[in-house]
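Q: Take this structure first; my questions come after.
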Amino acid sequence: MAGYLLIESRDPFESNDVGYYYDLACGLRAAGNQVTLFLVQNAVLAVRPSAQAPALRALAASGVKVLADDFALQERGITKVLDGVEIAPIGTVVDHLEAGHKTLWH
Amino acid sequence: MSQRTFAVALMDAPYESENLTTAFRILGAMAQRGHNVNVFAYEGAAGLAFARQAPHANPVHGKNLAEENHPTTKDQVVALLALAAAHGGTVDWVNCGMCVVERGVGEFAAGRIGSPADFHTFCEASDNVLVIPTK
Amino acid sequence: MAKNTLNIVECAYRAVMEEQDDTILWLLAAMQGAGAEHTVVLRGNAVNYAVAGQGAPGLAIGGWEQTTAPRMDNDVIDLIDKRKIPVFVIEEDLAARGIGRGELVPGVELMSSAMLPKRMAEYAIISHW
């Protein structure tokens, strides 16, 4: 089983294309891989429990690990994240690179 | 964790995208852990280490030059190299030659001039690769 | 043998007039010349690069005229024929943009969006541009 880290920098409110990346994460997971989606920058705007982000909620429940960058959250004053999303430091990216996980940025 | 070698491609110009803030945080984390980092600065990123960047005051916020302490990416690049060295790693910062020439940013505070062949060499020599594209 | 790299290219028509190239396709061609082993998947708006017969005249501003305007379809043909870089386009993205298969340059191969995650396992490096 291979590992993938998908870094998402875009949010679903401004970009129509975020759905593609969530689908790619699901497809990689369905193919038997370990998949982590790491939300950075404006992508974290979708993680408030009150946000209208059904696709992210579904992804968080799908077996893909969803992380949100602690710096980006703090920068935007987001203190609570929806269930299934974990807050993580930027060193997480290096953890995955060290582990040999294929790492993509969107 | 044993030392790794990473290849990273950057494309964003200074002061245009939050991508660079995240990129420098990732690069800093790599350097802090003592890894070797090979950076291919492509397109706008070829200006990140441009020696003639200069800080400025901020009259909107009433801050003089010293108070504003405005960041320059060239200082971040220099600091990254020093951080890596302090932790037993190296940073090979390569600015894509044609990108440098067309932008007129051929004076570097750090790093060297190179070409796509360098990025190929970096990828071949790396344990892992991260491309941070521009939009 | 070089590490095989799958390049997912989605950014389209960014700075192509002043660079007279798509800078990612250009980079990959240059790297291939240095010994790389690249494959390209065009997705999103970049699927339009594979449409035959495109290209605007060079920019002209006052006395300044561009003499070598780019043509993305020719660059795709160059990748396939001259650089031996396989080029795929995502079928669903073509359909969404109303592009028929008959409009594409020769040599481009189709890939479904469902196939992309499965194909990624075949490559040592995945770069998302």
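Q: Working from Cα positions, state the angle (0 to 90°, nearest 10) between the long axis of helix C:23-33 and the longest principal axis of chain C.
A: Approximately 60 degrees, to the nearest 10.
Q: Please go through the range B:31-135 and write out the GluC sites (Glu not before Pro) that DSSP classes as loop and that have at most 14 other C-beta atoms within 10 Å.
A: The qualifying sites are B:GLU107.
Q: Please list, in order along the range B:67-72, the HN-Hα scalar couplings obtained from phi with the Karplus expression 6.51 cos²θ - 1.76 cosθ + 1.60 (θ = phi - 60°), rounded to whole Hz, x for Gly and Pro.
A: Here the 3J(HN,Hα) series is 5, 5, 6, 5, x, 10 Hz.
Q: Taking the square root of 5 times each eigenvalue of the Cα gyration tensor, what semi-axes in Å does the equivalent ellipsoid of chain B have, largest first?
A: Semi-axes, largest first: 26, 18, 13 Å.
Q: Another question about this same structure. Would you work out if the protein assembly as shown is rounded, prolate or oblate? Take a ≥ b ≥ c from the square roots of the eigenvalues of the alpha-carbon gyration tensor; rounded if a/c is under 1.5, else prolate when a/b is larger than b/c, oblate otherwise.
A: Rounded is the answer for the protein assembly as shown, as its axis ratio a/c remains below 1.5.
Q: Now a separate question. When the Cα centres of the range A:28-58 and the range C:10-29 are compared, how far apart do they sit, in Å?
A: For the range A:28-58 versus the range C:10-29, the Cα centre distance is 30 Å.
Q: Taking amide H positions as placed 1.01 Å from N in the peptide plane, with prolines and chain starts having none, which residues 5 or more places from C:ASN7, or on another chain, fall under 5 Å of its amide H?
A: C:THR39, C:VAL40, C:VAL41, C:SER127
Q: Now, a different point. Within 10 Å, count the other beta carbons around each residue, average over each peptide in A:61-67, C:62-68, and list them highest first.
A: Top of the packing list down: A:61-67, C:62-68.
Q: Here's a follow-up. Report, for chain C, the % of DSSP beta bridges that are antiparallel, rounded to 5.
A: Within chain C, antiparallel bridges account for around 15 percent of the total.
Q: Would you mind giving the mean number of other chain beta-carbons within 10 Å of the Cβ of each residue in C:26-33, as a whole number?
A: Per-residue shielding by partner chains comes out at 4.
Q: Run through the DSSP bridge list for the range B:5-132 and note the antiparallel percent, rounded to the nearest 5.
A: Among the beta bridges of the range B:5-132, antiparallel pairing accounts for roughly 10 percent.
Q: Give the lysines reachable from C:LYS82 as a straight Cα distance under 25 Å; neighbours fewer than 8 places away on the same chain don't count.
A: Those lysines meeting the cut-off are C:LYS3.
Q: Is the shape of the range A:8-106 rounded, prolate or oblate, going by the alpha carbon gyration tensor and its root eigenvalues a ≥ b ≥ c, with a/c under 1.5 for rounded and a/b larger than b/c for prolate?
A: oblate
Q: Still on this structure, I have one more. Taking 0.36 nm per residue of separation and subtracting the Cα-Cα distance, what length does fully extending C:ALA60 through C:GLU103 add?
A: So the extension gain works out to 12.6 nm.
Q: Looking at the protein assembly as shown, what % of its DSSP beta bridges pair antiparallel, to the nearest 5?
A: 10 percent
Q: Taking R0 as 45 Å, what FRET efficiency do you get between A:GLU75 and C:ALA124 from their Cβ-Cβ distance, rounded to the nearest 0.05?
A: Approximately 0.80, to the nearest 0.05.
Q: If you count, for every residue in B:8-15, the Cβ atoms of partner chains within 10 Å of its Cβ, what is the mean?
A: If you average over the peptide's residues, the count of other-chain Cβ atoms is 1.
Q: Could you tell me which Cys residues in chain B have no other cysteine's Cβ under 4.7 Å from their own Cβ, answering none if every one has a partner?
A: B:CYS123 - these cysteines have no disulfide-compatible partner (Cβ-Cβ under 4.7 Å) in chain B.
Q: Shape verdict for the range C:1-114, please, from the Cα gyration tensor: rounded (a/c under 1.5), prolate (a/b greater than b/c) or oblate.
A: Oblate shape, in that a/c is at least 1.5 and b/c is the bigger or equal ratio.
Q: On to the next question. Within a 10 angstrom radius of the beta carbon, how do B:SER126, B:SER2 rank from fewest other beta carbons to most?
A: Lowest to highest Cβ neighbour count: B:SER2, B:SER126.
Q: Right, here's the next one. Enter the Cα centre distance for the pair the range B:91-115 and the range C:69-129, rounded to the nearest angstrom.
A: Taking the Cα centre of the range C:69-129 as reference, the centre of the range B:91-115 is 31 Å away.
Q: Within 10 Å of each residue's Cβ, count the other Cβ atoms and sort B:TYR15, C:TYR123 from fewest upward.
A: Fewest-to-most ranking of B:TYR15, C:TYR123: B:TYR15, C:TYR123.
Q: So for the pair B:ARG103, B:THR90, with labels modelled 7 Å out along Cα→Cβ, what separation do we get in nm?
A: Inter-label distance under the simple model: 2.4 nm.
Each value in this text was obtained by applying a stated rule to the coordinates, not by laboratory testing. This structure is a prediction, so every number in the text was calculated from the model and none was measured. We place every Cβ from the backbone using ideal geometry, glycine too, and count neighbours over all the protein chains shown.
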